[in-house]
Each structure stands twice: as C-alpha cells, then as structure tokens.
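Only one structure is covered here, and it is reproduced in the block below.
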Amino acid sequence: AWRVIEDLATLSVQADCLYTLTEILVGFLAAAVIGVVLGAVIALVPLVDRVLSPYIVALQTIPKVAIAPILIIWFGFGIESKIIIVALIDFFPILVNAVVGFRSTDPRQLLLMTALDASAWQVFVKVRLPNAMPYLMAGVYVSMIFSVIGAVVGEFLGSARGLGSQIVQRQSAMDVIGVFSMLVILTLIGMALNVFAKLLAR
C-alpha cells in the first residue's frame, strides 16, 4: 500500500497515469461515436446491414493483440497507435448493442409517430434513441473495461510512456513490488471508470 501511495505522489507516474487515461478515454469516445452512428445506420438501412455486416464480423474475429504490432508499425510508437488499439477493442460491443437497441423499438410507437406525421428525425430522436439507451449503456459499460486492457496491451508492445511501459520497465529491473503497485493503480483506474459508466447509465 505504501508503494502505491509513493508512486501516486511521483510526478512521472502521475504523467504516465494521465497518458494512459488519455488513451483510454479518447479511444473509447472514438469507438462510441463510430459504433453508435454505424449501429444506427445498420439497424435502419437493410442494404447497409447486408453490405457491411460480413466485413465487421471478419474484423472482430481478428485478435486485436495480433494486429497491435502492425498498428504500432503503421502509426508509430506514440499515443495514436494506442488510441486506435483501444478503439478497435471497444468498437464491436458498442456496435452490437447499438444495432440491437435501435431495432428493439416497439412497432406501436412507430405507428403512433407515423399517425402524428412525425419526420424520420423526430422518430429517431423521440422514440428510437430513448428505446436504445439501455442497450447503448450496456455497450458502454463493457467497453469501458476493455479500454484499460487495450491501452496496456498497446503500451506493452511499444511505448516509452504510460502505465504499461512502467510495468515493462519495472519487470526488467526485477522490481516485483513496483509491478504490483502499477497493477493496483490500473485496477483503481478501472474501478473509477466502472463507477463513471454506472453514473452515466443512471
């Protein structure tokens, strides 16, 4: 416990925490925006569903850890490659929940909106989106946890900054207590994100 407190008071560790948290949040937000928008399009436009679904499933079956080194080669050892890894890991759970959510609208509500002469945008905002929210929040909840894993995996494979990089450095120095300290800090970050996701769902 003392080592964790000592690390949290160290400026370099604080900077690495911020670096990893930036990867997590930016990657998650990118996945959330793309996943929800694409999920809505797939759910509401059958042609897009038929065209894109096989490619999306194929993308999901590729292990993200396997393509992470390629992403690092393409996008470099900076924060960009880590954000992309996080976004790829988060994308599919959000997309699947978005598609299911937008398709779960009660047909009677749609008939009522049609009878009221509502526009397609009004139907989406007033009916489809509120009905989909529980599913979207489920996707957010799952993906938020995956974000931590994605960021650390990316840092393991190639980064001079971040908590994953700290773990690699301490492991090389045989600093077992230091490694456990980083794991505790990562756990605390994961728990904080979990609480944030629950508050957002409420």
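The values are calculated or read from the model by the stated rules, or taken from the named source; none is laboratory data. Model, not experiment: these values are computed from the prediction. For neighbour counting, all protein chains shown are included, and Cβ atoms are generated from backbone atoms with ideal geometry for every residue, glycine included. When the accessible area is computed, the model is the full protein with side chains, heavy atoms only, and any ligands, DNA or RNA have been set aside. Shrake-Rupley method; radii C 1.70, N 1.55, O 1.52, S 1.80 Å.
Here is how the numbers come out for the structure above:
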read-out: Qualifying position, being at pLDDT below 80, on the phi < 0 side of the Ramachandran plot and either touching a helix residue (DSSP H, G or I) at 6+ places or on another chain (Cβ under 7 Å) or open to solvent by 90 Å² or more (accessible area, probe 1.4 Å) (or both), among ALA201, ALA160; value: ALA201
read-out: Residue in segment 15-27 that is open to solvent by 40 Å² or more (accessible area, probe 1.4 Å) and over 22 Å from the mean Cα position of the chain (by Cα) present; value: no
read-out: Residues satisfying the stated conditions in segment 108-137, i.e. more than 25 Å from ALA201 (Cα to Cα) and not small (Gly, Ala, Ser); value: ARG108, LEU111, LEU112, MET113, THR114, LEU116, ASP117
read-out: Residue among ALA201, ALA160 that is small (Gly, Ala, Ser) and within 20 Å of the chain's Cα centre (by Cα); value: ALA201
read-out: So GLU6, is it among the charged types (D, E, K, R) and under 18 Å from the mean Cα position of the chain (by Cα); value: no
read-out: Subset of segment 56-107 that is of a type outside the set (Asp, Glu) and outside any helix (DSSP H, G or I) - its residue that is most open to solvent (accessible area, probe 1.4 Å); value: PHE77
read-out: Only one of SER53, SER12 that is in a helix (DSSP H, G or I), under 29 Å from PRO130 (Cα atoms) and of a type in the set (Ser, Thr, Tyr); value: SER53
read-out: All positions within segment 113-148 that are open to solvent by less than 50 Å² (accessible area, probe 1.4 Å), assigned to a helix (DSSP H, G or I) and hydrophobic (A, V, I, L, M, F, W, C); value: MET113, VAL123, PHE124, VAL127, ALA132, LEU136, MET137, ALA138, VAL140, MET144, VAL148
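Matching residues to (1) aliphatic (A, V, I, L, M); (2) in a helix (DSSP H, G or I); (3) touching a strand residue (DSSP E or B) at 6+ places or on another chain (Cβ under 8 Å); (4) touching a residue at least 40 places away in the same chain (Cβ under 8 Å):
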site	(1), (2), (3), (4)
GLY154	no, yes, no, yes
VAL168	yes, yes, no, no
GLN171	no, yes, no, no
ILE189	yes, yes, no, yes
LEU200	yes, yes, no, yes
